[in-house]
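Participant: First the structure, then my questions, so here it is.
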Amino acid sequence: MQYSPTVLAELQHALHQCDSDTLSMLRPIISLKSVQQLLISFVHETSQTLQDHLDQPHVRQLLEQIRSQDPLTHNADKDLDRIFGEKIDEFQRKQRESMNVLQSAEIAPSEVLDDALKVARDSHEEGKLKFKNGECYGAMNAFKRSIQSLLRYQRNENWGNDIVVSEWEEEMQRHYTTLCCNIAMCAIKLHDLSALREYTNLALAVEPACFKALYARAKLLLMEHLYEEAAQVVETALEFHPENDALKRFKKSIISSEEKFDQQQEEFKAHVASQLEEERKKNEAQRLKEKKTAAEKISEAVDIPLPSLGEEDTAVQRLHVYFQRIRHQLVIDLVQLHSPEKGEMPLFACSVVDATTKEVLVAGVEASSKKVAKKDAVIQSIVRLWEKKSAPGQLTPTEATIWQAYQSERSRDTSEKELSKKLEGAMEQYSITPERTTSVTAPTTAAVDSRKDGTSLAKEEAKEVDNLQTTEAESKEGENMRTAERDHKEGGISRTPHMVSHYESQVSSMMLLNQLVAQKKLSVDIQIRDLVSPKQPANFECVMILESRFTGSACAISKKKAKALAAEKIIQMAVDNNLIKFPTSYRGRFHVDASESLPSE
């Protein structure tokens, strides 16, 4: 089909008035005859501009489908023109059908009816037809297009200026109000409260006494469960239309709807209350069941023998076996209390908890190592279990005998410890010992007896002088030994040197030193200083003071290495000063003579 130059010029002029986005979309497909035919049909449709036609969603979608095809086939395949020609023919057929629907006389024809009023009338009729067929959404869109056509007509009449609807002609106002009410009716069917509120307000702003608008406003309030406000709107409508039976029936339906809603609310509250009560009973039954199960476990645990007392090395295993037999969960928690970065001495705390009954057996048992803290806490937990069972008198005769023997032994150990402490205090308080008194008085008695005999007085006097000198020397030596013993006791170690086992002699110096400090065989203070300077690399100095008398220091590039080197020196000092002994001769990495040690002031 060939188009005349006049038609092509009209198409070119219309395209120049389109925006740049539309031209970019049309440029790859403008050579297609089917696209040209569609565009020329839009140019001949004077009710809208070409830009308005192309902005419609279904037209835009059709052109996008054509554009998405392979561009190479746009000019090479005549079948493609045939295919798209069929689509365009179908589109134009549907458009003609929509514009040739029933010609209704609700909009009174004017003497001069321009294109805008024609589109408004056609869209109005299309909406009525779709609403009748149950297509509420399509009917709402048709009514909206009709309103837009009316607004465009009024703009054209006023030289492109918008004019308020209340200033329109009376016939146009009634037409506008009818379209708004029709949209509100569609919104009621679609339960679109936003559109219902918007177009109801528009209709009432133009005609406050409009029956359909007031009905739609009352329906909106009823859908929002605002029954009192809906009844007030119906009363207002009855003031304008007192003889309207539909409003009277609607008023009665509002009252019945409110009563029905209140009844539903009460039923819902009762249903929720019953569910909550059932949930509460269920939780209570579960709680009683758990309580009963816990009581059964406790009763079963009463019949199971307690872990035996004594044998500290296997206390942890015995406690675990006991909790497995009573089917309880045992939790042993270890917490580190010291800060290695600050050079603090090792210190740990251990707690033992029965997780099944939430009972804390022992809490905060402190020691210098995890192993010792755990062992002490477990031993105290076993004693606690025996004390609990002995309180209500549930011990068997055999267990009662064992418990009495254990208490007797523990009280005897406590008495011995208290007595030894008193004796040590007395020995430190008095410096004269019984041996010295005896050695002094014995020669004096012998001298008196010899003087009574009157024989060899000079010989006895010489012997007495020798005995006094010997006694003084022994007394001086005993005083030195007691001073050394007191110094050892002040340092927190035993009087005799500690014998290191063969296994301990094979570990590193730092590990051995930590074990000796944990066992309270040695007393060591550790200080670490940072010797970093701008001109030197990282360097740390570790100073260890043994028994507050001997000092050993070492410098290294890291704190760990400095502590290891200082520990070597301290172990060597302890060996040289007879504080510890090894099964074989020990000579560490740094051998330090006793003369090199620094005595404390």
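Participant: Summing Lys, Arg as +1 and Asp, Glu as -1, what charge do residues with Cβ under 10 Å from the Cβ of A187 carry, A187 excluded?
Facilitator: +1
Participant: Which of the pairs K128/K248; K417/K561; K219/K269; K289/K388; K389/K417; K282/K374 have their Cα atoms more than 30 Å apart in this structure?
Facilitator: Among K128/K248; K417/K561; K219/K269; K289/K388; K389/K417; K282/K374, the Cα-Cα distance tops 30 Å for K417/K561; K282/K374.
Participant: Counting only residues 5 or more places away or on other chains, whose amide H sits under 5 Å from the amide H of K581 once H atoms are built in the peptide plane?
Facilitator: H498, M499, V500
Participant: Given labels modelled 7 Å from the Cα in the Cβ direction, how far is it in nm from V372 to E359?
Facilitator: Modelled inter-label distance: 3.0 nm.
Participant: Here's a follow-up. At C18 and Q286, where each label point lies 7 Å from the Cα along Cα→Cβ, what is the point-to-point distance in nanometres?
Facilitator: About 6.7 nm separates the two model spin labels.
Participant: Hey, how many Å between the Cα centroid of region 358-427 and the Cα centroid of region 166-229?
Facilitator: The two parts, judged by their Cα centres, are 89 Å apart.
Participant: Round to a whole angstrom and tell me the spacing of the C-alpha centers of region 508-533 and region 309-337.
Facilitator: Answer, in whole Å: 31.
Participant: Pairs of alpha-carbon atoms within less than 8 angstrom and 6+ residues apart define the contacts here; what relative contact order does region 252-359 have, in percent?
Facilitator: Relative contact order here is 17 percent.
Participant: Using packing as a proxy for protection, rank 180-190, 549-559, 40-50 so that the peptide with the highest average count of other Cβ atoms within 10 Å comes first.
Facilitator: Top of the packing list down: 180-190, 549-559, 40-50.
Participant: Calculate the FRET efficiency for E409 and E541 from the Cβ-Cβ distance with a Förster distance of 51 Å, rounded to the nearest 0.05.
Facilitator: Plugging the Cβ-Cβ distance into 1/(1 + (r/R0)^6) gives 0.55.
Participant: Return the subset of K118/K189; K520/K560; K291/K358; K520/K581 for which the Cα-Cα distance in this structure is over 19 Å, preserving the input order.
Facilitator: K118/K189; K520/K560
Participant: Sorted by packing (mean other beta-carbon atoms within 10 Å per residue), highest first, where do 230-241, 395-406 land?
Facilitator: 230-241, 395-406
Participant: Roughly speaking, what is the stretch gain from V335 to L238, that is 0.36 nm per residue apart minus the C-alpha to C-alpha distance, in nm to one decimal?
Facilitator: Stretched out fully, the V335 to L238 stretch lengthens by 26.7 nm.
Participant: Output ³J(HN,Hα) for region 245-254: one whole-Hz value per residue in order, computed from phi by the Karplus curve 6.51 cos²θ - 1.76 cosθ + 1.60 with θ = phi - 60°, and x for Gly and Pro.
Facilitator: Working through the residues one at a time gives 6, 5, 5, 5, 5, 5, 5, 5, 5, 5 Hz.
Participant: Follow-up. Peptides 336-343, 60-67: what's the order by average Cβ count within 10 Å, highest mean first?
Facilitator: Final packing ranking: 60-67, 336-343.
Values quoted throughout were computed directly from the atomic coordinates according to the rules given, and no laboratory measurement underlies them. It should be emphasised that the depicted structure is a prediction, and the values quoted were computed from it without experimental measurement. Note that we place each Cβ from the backbone using ideal geometry, even for glycine, and neighbour counts take in every protein chain shown.
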